[in-house]
1. Inside region 59-117, can you point out the residues that are closer than 18 Å to Lys42 by Cα, in a helix (DSSP H, G or I) and acidic (Asp, Glu)?
2. Among the residues of region 80-94, write down those that are open to solvent by 60 Å² or more (accessible area, probe 1.4 Å) and touching a residue at least 40 places away in the same chain (Cβ under 8 Å).
3. Suppose the filter is out of contact with any strand residue (DSSP E or B) (no Cβ under 7 Å at 6 or more places or on another chain) and exposed (fewer than 13 other Cβ atoms within 10 Å of the Cβ); does Glu69 pass it?
4. Regarding region 58-65, can at least one residue be identified that is open to solvent by 40 Å² or more (accessible area, probe 1.4 Å) and at pLDDT 95 or above?
5. Scanning region 1-39 for residues that are among the hydroxyl-bearing types (Ser, Thr, Tyr) and under 25 Å from Gly109 (Cβ atoms), which turns out modelled with the highest pLDDT?
6. Answer yes or no as to whether Ile55 is under 15 Å from Ile38 (Cβ atoms), of a type in the set (A, V, I, L, M) and open to solvent by 50 Å² or more (accessible area, probe 1.4 Å).
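The values are calculated or read from the model by the stated rules, or taken from the named source; none is laboratory data. This is a predicted model, so every value here is computed, not measured. Cβ atoms come from the backbone with ideal geometry, glycine included; neighbour counts cover every protein chain shown. All accessible areas refer to the heavy atoms of the entire protein, side chains included, with ligands and DNA or RNA removed. Shrake-Rupley method; radii C 1.70, N 1.55, O 1.52, S 1.80 Å.
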Amino acid sequence: MSTIIIILLLIGVVILAIKNSSQHFKGDGGCCSDHSKIPDKKLQEAVIGYKTIHISGMHCPRCAVKVAESINKIEGASAKVNVEGHLAIVSYDREIVNQKLYDAIEKVGYHIISIKD
């Protein structure tokens with residue numbers, strides 16, 4: 001009898017874990033509750049180029065906001081982040097070394113797969 005109770009409890013825990021995980025990946029989890037608008041940064045000068053950055057680890061709107069906010073702190077850079085495509089398009093009005101982008105994205109907990117000019 002005690003074995004059956006333990007098995008039922010374990011099944012309940014597994015069901016809750018699956019439910020919470022599926023909510024998380026749909027953007028309804030606890031870390032995803034802030035559906036803030038991705039900030040739009042206007043550059044001071046004319047855009048001279050774009051970089052496409054493929055990023056791993058983003059899975060919800062809050063992830064996109066964190067990445068965009070971090071990139072937008074770089075002087076002369078403005079980011080548009082697409083969480084579904086796992087990428088950021090960075091426009092810039094002055095030369096931006098890739099290391100600054102790596103540092104900004106890694107600082108908020110994500111990883112760059114590639115950067116293309």
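1. Within region 59-117, just Glu69 meets the criteria.
2. Scanning region 80-94 gives Lys80, Arg94.
3. Numbers: out of contact with any strand residue (DSSP E or B) (no Cβ under 7 Å at 6 or more places or on another chain): yes; exposed (fewer than 13 other Cβ atoms within 10 Å of the Cβ): no.
So Glu69 does not fit the description; no.
4. From region 58-65, those open to solvent by 40 Å² or more (accessible area, probe 1.4 Å) are 59, 61-62; that's our starting set.
Add one more test, that the residue is at pLDDT 95 or above, and what stays is none.
Scanning region 58-65, I find no residue that is open to solvent by 40 Å² or more (accessible area, probe 1.4 Å) and at pLDDT 95 or above, so the answer is no.
5. At the first step, the residues of region 1-39 found to be among the hydroxyl-bearing types (Ser, Thr, Tyr) are 2-3, 21-22, 33, 36.
If we keep only those that are under 25 Å from Gly109 (Cβ atoms) too, we end up with 21-22, 33, 36.
Numbers: Ser21: 60, Ser22: 56, Ser33: 52, Ser36: 64.
Applying the filter and picking the extreme gives Ser36.
6. Numbers: under 15 Å from Ile38 (Cβ atoms): yes; of a type in the set (A, V, I, L, M): yes; open to solvent by 50 Å² or more (accessible area, probe 1.4 Å): no.
No, not satisfied.
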